[in-house]
Amino acid sequence: MLKVSQIEDSAFEQEVLKSNKPVLVDFWAPWCGPCRMVATTVDQIANDYDQSIKVVKVNTDENPSTATFYGIRSIPTLMIFDKGEKIDTIIGAVPKSTLENKIQNYLNKI
């Protein structure tokens with residue numbers, strides 16, 4: 001079962017900023033090769049951490065307002081939000097271990 005949902009600018013506040021658990025946001029675009037590379041990792045993270053975090057994707061081509069607001073200049077960009085605040089940013093196609101370490105470090109603090 002796919003645990004990652006695509007969200008639009010109009011849903012960002014409700015789905016991310018008002019979420020009752022931390023959210024990993026994947027800013028991506030269909031034409032982006034590195035985005036496709038990291039997509040599998042993001043899906044795995046969503047499955048592995050489905051009890052502790054929420055994972056969503058934002059297509060930057062279709063939702064430029066949110067991408068612009070958060071200063072997304074290169075994709076893929078992954079951001080971790082908690083309680084409406086951006087708490088971390090990972091730019092580029094990183095290995096699963098890098099992403100897991102960021103998430104674990106954060107989850108250990110709460």
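Some notes on this structure:
- Inter-label distance for E62 and S10, nm, one decimal - labels placed 7 Å from Cα along Cα-to-Cβ: 1.3
- Rounded to the nearest 20 debye, the dipole size of the chain about its Cα centre is 280 debye, using +1 on the Cβ of Lys and Arg and -1 on the Cβ of Asp and Glu.
- Taking 13 Å as the straight-line reach from the Cα of K83, the aspartates and glutamates in range (excluding those fewer than 8 positions away in the same chain) are E13, E15.
- Where (1) 76, 33, 27; (2) 33, 28, 27; (3) 57, 50, 29 are the candidate values, the label of the one calculated here for Cα extents along the principal axes in Å is (2).
- Considering only segment 4-109, percent of DSSP beta bridges that pair antiparallel, nearest 5: 55
- For the chain, the mean residue ellipticity at 222 nm estimated from helices alone is -10500 deg cm²/dmol, where every DSSP H run of n ≥ 4 contributes -39500 (n - 2.57) and the total is divided by all residues, rounded to the nearest 500.
- Cleavage-rule hits (chymotrypsin sites (Phe, Trp or Tyr not before Pro)) in segment 1-66: DSSP loop, at most 13 neighbouring Cβ within 10 angstrom: W31
- Segment 50-74 and segment 28-44: distance between their alpha carbon centers, rounded to Å: 13
Read the figures in this text as sums done on the coordinates, not as results from a lab. The structure presented is a predicted model; accordingly, all values stated were derived computationally and were not measured. Cβ: placed from backbone, ideal geometry, glycine included. Neighbour counts: every protein chain shown.
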